[in-house]
Amino acid sequence: MTNAELFLEYAALIALYIFSISLIFPFLRLFRGPTLPDRVVALDQIGVIIVGMMVCDVVYTREKLLLDVVLVVAFILAFGSMIIARYLYKQNKDQ
């Protein structure tokens, strides 16, 4: 194993730990958020963090097949955010 591969493994593990710790704050906002848009943004942030964790897992395990899963999850996350934003916009427009 070369030094570069070893560095990538350690960097991926450190990033996974950092992502895991950073999930605390969006979960707090999700449960305590005063408004629905706050909760939607927190849920979107949780999804982005999970996609980042999946990418770190791909780097750590060197499983290239998982990149397809990461891509699909990222697309679903983006489209879901757009749909929720459009719903909130229409709900706000009607009031």
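Return yes when Val73 is surrounded by 13 or more Cβ atoms within 10 Å (Cβ to Cβ), out of contact with any Leu (no Cβ under 9 Å at 6 or more places or on another chain), modelled with pLDDT of 90 or more and in a helix (DSSP H, G or I) and no when it is not.
yes
Please work out if Leu43 is open to solvent by 80 Å² or more (accessible area, probe 1.4 Å) and of a type in the set (A, V, I, L, M, F, W, C).
The answer is yes for Leu43.
Scan region 25-53 for residues that are β-branched (Val, Ile, Thr) and more than 25 Å from Ala11 (Cα to Cα) and report the count.
Summing the residues that are β-branched (Val, Ile, Thr) and more than 25 Å from Ala11 (Cα to Cα) in region 25-53 gives 3.
Test each condition in (1) at pLDDT below 95; (2) among the β-branched types (Val, Ile, Thr); (3) under 28 Å from Met82 (Cβ atoms) for Ile49 and report the one that comes out false.
(1)
Starting from region 6-29, keep only residues that are closer than 13 Å to Gln45 by Cα and free of Cβ contacts under 8 Å to residues at least 40 places away in the same chain, then list their pairs with residues that are open to solvent by 80 Å² or more (accessible area, probe 1.4 Å) and assigned to a helix (DSSP H, G or I) whose Cβ atoms are within a distance under 7 Å, requiring at least 6 positions of separation or different chains.
The qualifying pairs are Pro26/Gln45.
Going by what's in this entry, would Leu88 be described as open to solvent by less than 60 Å² (accessible area, probe 1.4 Å) and modelled with pLDDT of 90 or more?
It is false that Leu88 is open to solvent by less than 60 Å² (accessible area, probe 1.4 Å) and modelled with pLDDT of 90 or more.
The values are calculated or read from the model by the stated rules, or taken from the named source; none is laboratory data. All values derive from a computational prediction rather than experimental measurement. For neighbour counting, all protein chains shown are included, and Cβ atoms are generated from backbone atoms with ideal geometry for every residue, glycine included. With ligands, DNA and RNA removed, areas are computed over all heavy atoms of the protein, side chains included. Shrake-Rupley method; radii C 1.70, N 1.55, O 1.52, S 1.80 Å.
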